[in-house]
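Colleague: Here's a structure for you.
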Amino acid sequence: MNNTHDNKDEFIDAYYSFKDSVDFTRDGFLPEVDNLVWYMLMGVPGVPADDDPSEDAPLVAIDQRVAILKTVFVEVNRDRPEDFLDKGLSIYDQAGKMAKGLLKESDQSPCSRKIYFDQGQENG
């Protein structure tokens, strides 16, 4: 049970860390699917599942990224029309599905590469 509490705290910390990096003074814009997919695959924003060695962690990390990105998107664009928000949220969902599809096709996941490089080893 305590582990669940720790995971929630880590997720909330990841959310605030990313939110703090966003410029809320600028007008929002609709994200581009391809850019989002690559950001997610590169590990942006960082999430608790990045440090999880389990096999399903990369897919969980994508879900965590989508949740954080969508939340910040709505916060940045809270004054925009509802159809704009709906379209943006749909784009994040689409990018998450695409990123998961690429991960499933790949033998290497962003989480395993992160752990691999953090240990100071070379890829190869």
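The values are calculated or read from the model by the stated rules, or taken from the named source; none is laboratory data. Source: prediction; values computed, not measured. Note: ideal-geometry Cβ built from the backbone for every residue, glycine included; neighbour counts use all protein chains shown.
Colleague: Which of (1) in a helix (DSSP H, G or I); (2) in contact (Cβ under 8 Å) with a residue 24 or more places away in the chain is the odd one out, the single condition VAL22 does not satisfy?
Modeller: The single condition VAL22 does not satisfy is (1).
Every residue, every condition in (1) aromatic (Phe, Trp, Tyr); (2) modelled with pLDDT of 95 or more, yes or no:
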| residue | (1), (2) |
| --- | --- |
| THR25 | no, no |
| SER54 | no, no |
| ASP63 | no, yes |
| SER109 | no, no |
| ARG113 | no, no |
| TYR116 | yes, no |
| ASN123 | no, no |
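Colleague: Considering every residue within segment 28-41, establish whether at least one is aliphatic (A, V, I, L, M), out of contact with any helix residue (DSSP H, G or I) (no Cβ under 6 Å at 6 or more places or on another chain) and modelled with pLDDT of 95 or more. Explain how you work it out, then say what you get.
Modeller: Taking segment 28-41 first, the residues aliphatic (A, V, I, L, M) are 30, 33, 36-37, 40-41.
Keeping just the survivors that are out of contact with any helix residue (DSSP H, G or I) (no Cβ under 6 Å at 6 or more places or on another chain) gives none.
No: segment 28-41 contains no residue that is aliphatic (A, V, I, L, M), out of contact with any helix residue (DSSP H, G or I) (no Cβ under 6 Å at 6 or more places or on another chain) and modelled with pLDDT of 95 or more.
Colleague: State whether one or more residues within segment 37-47 are among the hydroxyl-bearing types (Ser, Thr, Tyr) and either surrounded by 14 or more Cβ atoms within 10 Å (Cβ to Cβ) or under 21 Å from MET98 (Cα atoms) (or both). Lay out the reasoning, then the answer.
Modeller: First, the residues of segment 37-47 that are among the hydroxyl-bearing types (Ser, Thr, Tyr): 39.
The next check asks that each one be either surrounded by 14 or more Cβ atoms within 10 Å (Cβ to Cβ) or under 21 Å from MET98 (Cα atoms) (or both); those that pass are 39.
Yes, segment 37-47 contains at least one residue that is among the hydroxyl-bearing types (Ser, Thr, Tyr) and either surrounded by 14 or more Cβ atoms within 10 Å (Cβ to Cβ) or under 21 Å from MET98 (Cα atoms) (or both).
Colleague: Considering segment 48-69 alone, what residues qualify as being within 26 Å of ASP27 (Cα to Cα) and surrounded by 18 or more Cβ atoms within 10 Å (Cβ to Cβ)?
Modeller: We begin by selecting, within segment 48-69, every residue within 26 Å of ASP27 (Cα to Cα); these are 62-69.
Listed by number, the residues that qualify are ILE62, GLN64, ARG65, VAL66, ILE68, LEU69.
Colleague: Follow-up question, since we're still on this one. What do you reckon, is ALA99 surrounded by 15 or more Cβ atoms within 10 Å (Cβ to Cβ), aliphatic (A, V, I, L, M), in a helix (DSSP H, G or I) and in contact (Cβ under 8 Å) with a residue 60 or more places away in the chain?
Modeller: Details: surrounded by 15 or more Cβ atoms within 10 Å (Cβ to Cβ): yes; aliphatic (A, V, I, L, M): yes; in a helix (DSSP H, G or I): yes; in contact (Cβ under 8 Å) with a residue 60 or more places away in the chain: yes.
Considered against the rule, which asks whether it is surrounded by 15 or more Cβ atoms within 10 Å (Cβ to Cβ), aliphatic (A, V, I, L, M), in a helix (DSSP H, G or I) and in contact (Cβ under 8 Å) with a residue 60 or more places away in the chain, ALA99 comes out as yes.
Colleague: Does SER21 satisfy being modelled with pLDDT under 95, closer than 16 Å to LEU103 by Cα and either buried (at least 16 other Cβ atoms within 10 Å of the Cβ) or not acidic (Asp, Glu) (or both)? Even if it seems obvious, please write down each step before you answer.
Modeller: Details: modelled with pLDDT under 95: yes; closer than 16 Å to LEU103 by Cα: no; either buried (at least 16 other Cβ atoms within 10 Å of the Cβ) or not acidic (Asp, Glu) (or both): yes.
No, not satisfied.
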